[in-house]
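The next block holds one structure in the form of structure tokens; read it before the comments.
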Amino acid sequence: MAGLFDDLIPATGSGAPAIMAPPSGNEARVPVTAFKPGAFDDLIPAAPEEQPTTVTGTLDAFGRGVAKGAGFGWADEAGAAARYLGGKVFPWQPEVTYDEALREVRGEDKAVADANPTADIAGQVTGVVGSAAALPRMGLSATAKAIDSGAKLGKVARASALDTGVMGAVAGAGDAEGGLEERARGAVEGGVGGVVLGAIAPAALSVAGSAARKAISPFMSSPERMKAVETLAREGVETTAGQRTGNNTLRFAESELGGQRAADLMERQGEQFTAAALKRAGIDAERATPEVVDQAFSRIGKQFDDLAARNKILPDQKMAKDLGASVQDYFAMVPPSQRAPVVMDTVMDIGNALKAGPLDGAAYQSLRSRLDRLARGTADPQLKDVLFNIRNTLDDGMERSMKLFNPKDVDLWKEARNQYRNMIVLEKASTAAGENAANGIISPSSLRNATVSGHGRRNYARGKGDFAELARAGEAVMKPLPNSGTAGRLNAQSLGLGVAGLLGGGAGYASGGDPSSMIGGAAAGFLAPRIAGNLLMQPAIQGLLSNQLGRTMTAPPPVRSLLHALVNRSSAEESAPVGGLLLGR
């Protein structure tokens, strides 16, 4: 506006300018009135009022953002309607048309958001999360229902397309400015975009989730193997990453490249497993050597002797019935010509001894030792079973008598009996064929076979008995990989080392071109597999390779419903025609 009023301002002089009248005939200039400050303010456009960034302004921006986020693009229309109706109902509120109210609300929203952008965005996010959490709880999210019912990806994608299509249409209509035609166009465009993006979102989430789980847990294990690994861990048995995950490639790498570190772990693992098995018989040792087994039998036998010396067996109907049942079972399975006379001889000896009254501890222990010795020494399975059954009948009778006459010995008696039963299993497992057994190492396979033989196949299948769970876990995790021959494995390892050496030598020649560089490169090539194997067996690397955190990345149903509803809302945002649904406004 420079020069607009130049003809009214004198060319010279100081002080406040004056407005001059048109010149007269003698060309004299007479001031009409003095210039007053603000006289032309109505001709100058007013500067926009700045919104204060105070606590009140921040809270206002946050509240408006929440309304935007939760209102599907209709918060400004709702505010305008309230302002319009307020002018009609309340005399102190000025009357405005709906269009005027809508322009006012949108202008205020923009001014507050521009002054407090962080609070505005935070409010919108809060509104999105709140509405996303509310929809599944209200039963209005088809995606949440599909996910919580365990539906497959295709059904979830269709439900997601439905959700985002509806939300996109609502948001598109709400964000559109203009009349009915513009809002209808916005609804169509938002709905179509929501359907497309909503259908893609679950697949994208699935791919992203699988990739994330694979990155976090490169080798996923089955739930059954994880349970077996946990059983071994409780028993103090270390396992490798390959054993924990069951990945054969990783197990072969540990075996071929792990070197001495892997060999030491395998030896330590065998001792730990053996120690866990021996513990069932009250033995504190890492190897089941003949000396350890003999000492255990002697200790348990002495405990039996001490308890028997101060107790006696009182004959009862239960003992007679059990003895008769054992003999009848034996006769039913073995023809007369093949029956061992020792069975009836032993039963007659027991009957004659009990005719005189209670059987004292010395007589009981003598009978028991003879039965046990005969049962362990025979290869006839039927004879072994009947002799053990007769011995168990005597033991049961002694236990019933203790409960009547000497209750304080009952727990010690049960412990001795249980340890003895377990020693029978350990004796068989420690005498299995193979180098490990000869060195006192009990393998999972040996323990499993001995458990089936000593405690019964049915008990093992049902997980009953002191060894069933340990033997099953060891078989599932620790059993060696199938091998076509030790020589083949050594040849493969040697070939790998040779190739690495040749490559290293070639690299040395290419880089240096002299013998010293070739020798250095060859040495590096030979050492590379050893270094890789050493790194592979490091605890940190083993833990990283075997972690199962990716398996737990599935959120519980309420969280998954919220997540997918939020994703659907985000998809609908991108499809809205005027700047997005919520966060994109």
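The values are calculated or read from the model by the stated rules, or taken from the named source; none is laboratory data. All values reported here derive from a predicted model rather than from experimental measurement. Because the Cβ atoms are built from the backbone with ideal geometry, glycine has one as well, and the counts that use them run over all protein chains shown. Just so you know, the surface numbers come from the protein's heavy atoms only, side chains and all, with ligands and any DNA or RNA stripped out. Shrake-Rupley method; radii C 1.70, N 1.55, O 1.52, S 1.80 Å.
When restricted to residues that are assigned to a helix (DSSP H, G or I), free of Cβ contacts under 8 Å to residues at least 24 places away in the same chain and not basic (Lys, Arg), the range 370-391 contains 5. Per the conditions (1) under 23 Å from Gln295 (Cα atoms); (2) of a type outside the set (S, T, N, Q); (3) assigned to a helix (DSSP H, G or I), the sole criterion not satisfied by Ala433 is (3). When residues in the range 266-298 are screened for being touching a Phe, Trp or Tyr at 6+ places or on another chain (Cβ under 9 Å) and open to solvent by less than 40 Å² (accessible area, probe 1.4 Å), 3 of them pass. All of (1) buried (at least 20 other Cβ atoms within 10 Å of the Cβ); (2) modelled with pLDDT under 90; (3) of a type in the set (A, V, I, L, M) hold for Val386 with one exception: (2). Across the range 219-229, not a single residue is classified as crowded, with 21+ Cβ neighbours inside 10 Å, in contact with a Phe, Trp or Tyr (Cβ under 6 Å, 6 or more places away or on another chain) and hydrophobic (A, V, I, L, M, F, W, C).
Residues that are among the hydrophobic types (A, V, I, L, M, F, W, C), touching a residue at least 60 places away in the same chain (Cβ under 8 Å) and open to solvent by 40 Å² or more (accessible area, probe 1.4 Å) within the range 302-324 comprise just one, Leu314.
In the set (1) open to solvent by 10 Å² or more (accessible area, probe 1.4 Å); (2) among the acidic types (Asp, Glu); (3) at pLDDT 90 or above, Asp372 fails one condition alone, (3).
Whether any residue in the range 238-248 is over 15 Å from Val477 (Cβ atoms) and not small (Gly, Ala, Ser) is what I want to check. No. Whenever a residue of the range 526-550 is farther than 30 Å from Pro223 by Cβ and open to solvent by 60 Å² or more (accessible area, probe 1.4 Å), its partners that are assigned to a helix (DSSP H, G or I) and at pLDDT below 75, lying with C-beta atoms within less than 6 angstrom and at least six residues away or across chains, give the pairs Phe526/Leu497; Phe526/Gly501. Residues of the range 405-432 being under 18 Å from Ala468 (Cβ atoms) and of a type in the set (Val, Ile, Thr), which ones? Those that are under 18 Å from Ala468 (Cβ atoms) and of a type in the set (Val, Ile, Thr): Ile424, Val425. Which members of the range 326-350 meet the condition of being in contact (Cβ under 8 Å) with a residue 24 or more places away in the chain, assigned to a helix (DSSP H, G or I) and among the small types (Gly, Ala, Ser)? Matches in the range 326-350: Ser326 only. Being within 16 Å of Gly440 (Cα to Cα) and out of contact with any Pro (no Cβ under 7 Å at 6 or more places or on another chain) holds for only one residue in Leu278, Leu265, and it is Leu278. The sole residue among Val425, Val410 that is free of Cβ contacts under 8 Å to residues at least 12 places away in the same chain, part of a helix (DSSP H, G or I) and on the phi < 0 side of the Ramachandran plot is Val410. Summed over the range 351-405, the residues that are polar (S, T, N, Q), over 18 Å from Pro341 (Cβ atoms) and out of contact with any Pro (no Cβ under 8 Å at 6 or more places or on another chain) give a count of 5. Annotation note: of Glu286, Glu271, Glu291, the sole residue that is under 30 Å from Thr240 (Cβ atoms) and assigned to a helix (DSSP H, G or I) is Glu271.
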